[in-house]
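Okay, so here's the structure we're looking at.
The values are calculated or read from the model by the stated rules, or taken from the named source; none is laboratory data. Computed from a predicted model, the values in this text were never measured in an experiment. Neighbour counts are summed over all protein chains in view; Cβ atoms, including those assigned to glycine, are modelled from backbone coordinates with ideal geometry.
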Amino acid sequence: MSLWNSRFKKSFDKGALKFSSSVVVDGKLYNEDIDGSKAHVKMLMKQKIVSANDGIAILKALEEIRKEIKSGKLKLDWQKEDIHSIIEERLVDKIGERGKRLHTARSRNDQVALDERLYIRKEVDSIIKLTKIFQRTLLKQAQQHKDTIISGYTHLQRAQPLLFAHHLIAYVSMLERDVDRLNDCKKRANNSPLGAAALAGTSLPIDRQYTAKLLDMNGVIINSIDAVSDRDVLIELISACATIMMHLSRFSEEIVLWSSQEFSFALIDDSFATGSSLMPQKKNPDIAELIRGKVGRVYGSLFAILTIMKSLPLAYNRDMQEDKVHLLEAVDTTKDCLNMATELLKKIRFDKKRFEKELDGNLLLATDLVDYLVGKQVPFRKAHQIIGEIVAVCVDQNKKLNELSIAQYKQFSTKFEEEIFTLLKSKTSVNNKLSQGSTSPVEVEKQILFWKKALK
Ligand code: ARG
């Protein structure tokens, strides 16, 4: 028996029911559904639409049903169409006619919109928590690498030396915007659609504000059509998840690169690496690769929900039932990946000495020479050109910048003095940076202190 079959002469086709049941997915929202029902019935009691006696019986039975579902005593049967039907039917089973009053002035359209919002509110908090843990792990590694020098890249070509701590903190800072986005999404999600009564509102004297207050929500979605029609808050959350995943994927890509023999910079802990069934020497960074790969799921979810919603006339349409599978997928995947990225990073060892010596005299110090000439009043564009010519000589003669003589330098500009050779060290390059937020130890220390406080 469904909640709606009395106007039909035939029962719903079995195959069609199987096709349209959402229990496997929305069954996961039973807690949210029960919380919403409890608030709704309390409001109906306050408004004297449902008597205190009936209301109390309903409230008690709803808590029992919660326990029955949690313990597995009440099986979530897909033949019941959706979680809202299962709970209401079980309620009537338990307390008879009194249970039939719960759905007064309410539609499943209101319920599902509410359940999703309560779910988003809860999951935003847990994603933020995991993001913060990952940020703290990045910061911890940064603190251990305040004087580890790496090559910085643009286009994956050597650009300028960096402190590794600086590089790690870039991720901390990126992730903080993810946290902002999540908080922002929660602000909008935390409003109640209850009382839309399918779409038009109701002639019964309900109190929508009261229900919202009971659910600890910011307010109600005033327009009853809007309340049941939109899924923009899902799109916001999945989009925030997609951005987190994009960040995690870039981080993973760097772990994969750094752990290659060519980079030889990161050493993944054995407990987070895998081997090959054929090549005995292999040690593969599968966990980082999987995080990078799982981005596909979350981008897929984002595109799916955008597509589902794009041409729907107002108000509710059954297409919208397809939203939850993507919501849950995006949330679960993002949480899993944040968790794994944290565990992986905790145990990685980075080779502090990998780059420093190799970068002394390297062509990536060319910009330091440009700045030197600018300091000697040579116009920037002219200085850039001179150093470019010197780089060309180095490339031709297969030499480092510190392997040319001062006499050779002077052929390009009389401004060059012996002192340039002290500039041609990766450490000096990093130390000489002055600007706010730069890679100098002083600025990096400031950033570390800032994030230590912010992430407390
Ligand atoms: N299972 C539905 C969903 O997830 C609930 C709302 C159903 N409403 C309806 N009128 N069929 O969207």
Original post:
Which residue pairs have Cβ atoms under 8 Å apart, sit 6 or more places apart or on different chains, and have a first residue in the range 57-82 that is closer than 25 Å to residue 4 by Cβ and a second that is hydrophobic (A, V, I, L, M, F, W, C) and not in a helix (DSSP H, G or I)?
Top reply: 58/50; 58/102; 65/74; 68/74; 69/76; 81/3
Original post:
within 16 Å of the ligand (Cβ to nearest atom), surrounded by 22 or more Cβ atoms within 10 Å (Cβ to Cβ), closer than 30 Å to residue 221 by Cα and in contact (Cβ under 8 Å) with a residue 40 or more places away in the chain - does that describe any residue in the range 121-128?
Top reply: no
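Hey, does the range 350-365 have a residue that's more than 16 Å from the ligand (Cβ to nearest atom), in a helix (DSSP H, G or I) and of a type in the set (Phe, Trp, Tyr)?
For the range 350-365, residues more than 16 Å from the ligand (Cβ to nearest atom), in a helix (DSSP H, G or I) and of a type in the set (Phe, Trp, Tyr): absent.
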Subject >> Unmet criterion (only one of (1) surrounded by fewer than 17 Cβ atoms within 10 Å (Cβ to Cβ); (2) touching a residue at least 12 places away in the same chain (Cβ under 8 Å); (3) under 30 Å from residue 338 (Cβ atoms)) for residue 204 >> reply: (3)
Original post:
Which of the helices (runs of 4 or more DSSP H) contained wholly in the range 178-295 include at least 1 residues that are modelled with pLDDT of 95 or more and more than 23 Å from residue 115 (Cα to Cα)?
Top reply: 232-258
Original post:
Which residues, taken from the range 4-38, are surrounded by fewer than 16 Cβ atoms within 10 Å (Cβ to Cβ), over 26 Å from the mean Cα position of the chain (by Cα) and part of a helix (DSSP H, G or I)?
Top reply: 5, 6, 7, 14, 15, 16, 17, 18, 19, 20
Subject >> Single residue of the range 339-356 satisfying the filter (charged (D, E, K, R), within 23 Å of residue 262 (Cβ to Cβ) and at pLDDT 95 or above) that is surrounded by the fewest Cβ atoms within 10 Å (Cβ to Cβ) >> reply: 353
**OP:** Just give me the residues in the range 296-313 being within 14 Å of the ligand (Cβ to nearest atom) and not in a helix (DSSP H, G or I), in sequence order.
**Re:** 312
**OP:** Please work out if residue 414 is of a type in the set (Ser, Thr, Tyr), over 30 Å from residue 178 (Cβ atoms) and not in a helix (DSSP H, G or I).
**Re:** yes
**OP:** Scan 200, 266 and give me the residue that is among the small types (Gly, Ala, Ser), out of contact with any Leu (no Cβ under 8 Å at 6 or more places or on another chain) and within 16 Å of the ligand (Cβ to nearest atom).
**Re:** 200
Subject >> Verdict on residue 168 being modelled with pLDDT of 95 or more, in contact with a Leu (Cβ under 8 Å, 6 or more places away or on another chain) and over 23 Å from residue 426 (Cα atoms) >> reply: no
Subject >> Out of 286, 332, sole residue that is surrounded by fewer than 17 Cβ atoms within 10 Å (Cβ to Cβ), within 26 Å of the chain's Cα centre (by Cα) and within 18 Å of residue 256 (Cα to Cα) >> reply: 286
Original post:
Can you tell which of 404, 423 is surrounded by 12 or more Cβ atoms within 10 Å (Cβ to Cβ) and closer than 14 Å to residue 370 by Cβ?
Top reply: 423
Original post:
Is it true that residue 335 is assigned to a helix (DSSP H, G or I), away from the ligand (no atom under 16 Å from the Cβ), touching a residue at least 60 places away in the same chain (Cβ under 8 Å) and of a type outside the set (A, V, I, L, M, F, W, C)?
Top reply: yes
